[in-house]
Amino acid sequence: MNLLKHIIIITFTASLLLSCGYSKYYDASKAHHTASGFRNIEYNDSNKGAWDFIKWRWQRFFKSIPGADAYDFKYARLQPDLLHLESTRTTLTWIGHATFFLKFRGLNILTDPQFSNSASPVSWGGPARVIPAAYRIEDLPDIDVVLISHDHYDSLDLASVKALSQHNSSRRLTFIVPLGIKPWLEALNMPSS
């Protein structure tokens with residue numbers, strides 16, 4: 001049963017990764033665009049594909065890699081009140097994974113919001129967090145800008161985006177996103193640039 005579970009997880013993960021490369025925003029005049037998606041013009045490893053990913057996952061299956069329970073992750077002392085201080089000082093607070101809260105020149109900026117318990121299109125599946133987010137959305141002050149770096153589930157979480165859209169009480173929230181994410185946000189009635 002354990003082997004079947006791993007095969008299902010590998011197949012599901014591979015299908016998610018393969019879907020990341022498609023884009024309907026193809027522009028032949030741009031060096032980083034291809035007919036099948038985007039490419040990194042500084043590094044090209046076109047020889048790797050889904051089969052390489054599956055081989056890598058299969059090899060990891062037989063290695064004795066400790067799970068998250070083997071580590072003793074501890075929080076620093078959390079001070080949610082500091083997030084709300086009105087100050088001209090620049091501060092950066094790590095919330096978890098790629099989610100950071102930045103106070104800069106009077107703006108409250110959040111990066112890659114991921115506050116859910118797993119990085120997945122469904123709440124019950126996908127890779128679970130090793131430790132919970134250091135702060136909850138309701139712990140944060142009003143946010144001016146949310147910066148999204150890319151559209152993977154560990155950096156763009158639907159539940160987090162929806163919660164952020166309802167979070168502010170006095171400031172206008174704007175999402176700054178890469179190509180292709182703006183229509184998705186507009187379908188959710190979110191302001192984006």
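Assorted remarks:
- Formal net charge of residues neighbouring Ile143 (Cβ-Cβ distance under 14 Å; K, R +1; D, E -1): 0
- Using the average count of surrounding beta-carbon atoms within 10 Å as a protection proxy, the listed peptides 48-55, 146-153, 83-90 rank, highest first, as 146-153, 48-55, 83-90.
- Anisotropy class of the range 57-193 from Cα gyration tensor, a/c 1.5 cut: oblate
- Summed residue charge, Cβ within 9 Å of Gln114's Cβ, Lys/Arg positive, Asp/Glu negative: -2
- Counting protein heavy atoms only, the range 29-152 has 56 percent of its accessible area on carbon and sulfur, 1.4 angstrom probe.
The values are calculated or read from the model by the stated rules, or taken from the named source; none is laboratory data. Predicted model, so just to flag it, every value in this text is computed and none were measured. Virtual Cβ from ideal backbone geometry, glycine too; neighbours counted across all protein chains shown. SASA here: full protein model, heavy atoms, side chains in, ligands and nucleic acids out. Shrake-Rupley method; radii C 1.70, N 1.55, O 1.52, S 1.80 Å.
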